Amino acid sequence: MCGGFTCSKNALIALNILYVMIGFLLIGVGVYARAASVVTNLPIVGGILACGVILICISMLGLAGAVKHHQVMLFFYMIILFMLFLIQFSIASSCLAVNSEQQQQFAEQGWKTVPPKLRKQVQDSFLCCGFNATSNSVTNGEEPSCEIINRECCADSKDPLCRCGPCGPLLEDKIDYAFKLCGGLGIFFSFTEFVGVWLTVRYRNQKDPRGLPSAFL
């Protein structure tokens, strides 16, 4: 029957190996989400990425504690993992709860914080100018020049007032997908962390049948 010391130990080791892979996956998702949203400095997406890094570090502690059945390591691992579960669950829930208007507000704030060079790169990639209709012209030197982009957008137009559209609407779908992807994966993997906490509590309370001194440290 799987429920003894050895089974709990192997299950905890396997779970922590899974956490390492999940951590790398969350990092990859966070990087992709930032790229998909054109690196607009979305804070919630950055939180998911940070959780991935922390999860990898915690997994190392969990692996060491599981192999040695070290009570102190397992205790701190259990506490930190539970805190990470709460943080990740909250962030993931926020990702799913953010509506389109709030997403655009986050993205616009990020657009204002990135350097003009990056904004110009976005404009060149999407053939757009500024983030929204109020920022699609050069006003005080903060926005990259749209003169070249406007010529490309209006190559076939005879309208002398022709201008490129703003970048915000073009990025809306990518930003929404980034939020939904981070939120869905964050929710799913946060529950595996709760399982890890439960398994650690159970494993700590089991006696090592070999009677190793480390089991009682």
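The values are calculated or read from the model by the stated rules, or taken from the named source; none is laboratory data. Since the structure is predicted, the reported quantities are computational estimates derived from the model, not experimental observations. Cβ: placed from backbone, ideal geometry, glycine included. Neighbour counts: every protein chain shown.
In the set (1) modelled with pLDDT under 80; (2) in a helix (DSSP H, G or I), the condition left unmet by Gly130 is number (2). For beta carbons closer than 9 Å, sequence separation of 6+ or different chains, a first residue in the stretch 97-119 that is of a type in the set (Ser, Thr, Tyr) and a second that is surrounded by 13 or more Cβ atoms within 10 Å (Cβ to Cβ) and assigned to a loop (DSSP other than H, G, I, E, B), the qualifying pairs are Thr113/Thr40; Thr113/Asn41. Does at least one position in the stretch 155-164 carry a residue that is at pLDDT 75 or above and surrounded by fewer than 16 Cβ atoms within 10 Å (Cβ to Cβ)? For the stretch 155-164, residues at pLDDT 75 or above and surrounded by fewer than 16 Cβ atoms within 10 Å (Cβ to Cβ): present.
Any idea which residue in the stretch 1-43 is modelled with the highest pLDDT, counting only those that are crowded, with 20+ Cβ neighbours inside 10 Å and of a type in the set (Val, Ile, Thr)? Filtering the stretch 1-43 for residues that are crowded, with 20+ Cβ neighbours inside 10 Å and of a type in the set (Val, Ile, Thr), the one modelled with the highest pLDDT comes out as Ile22.
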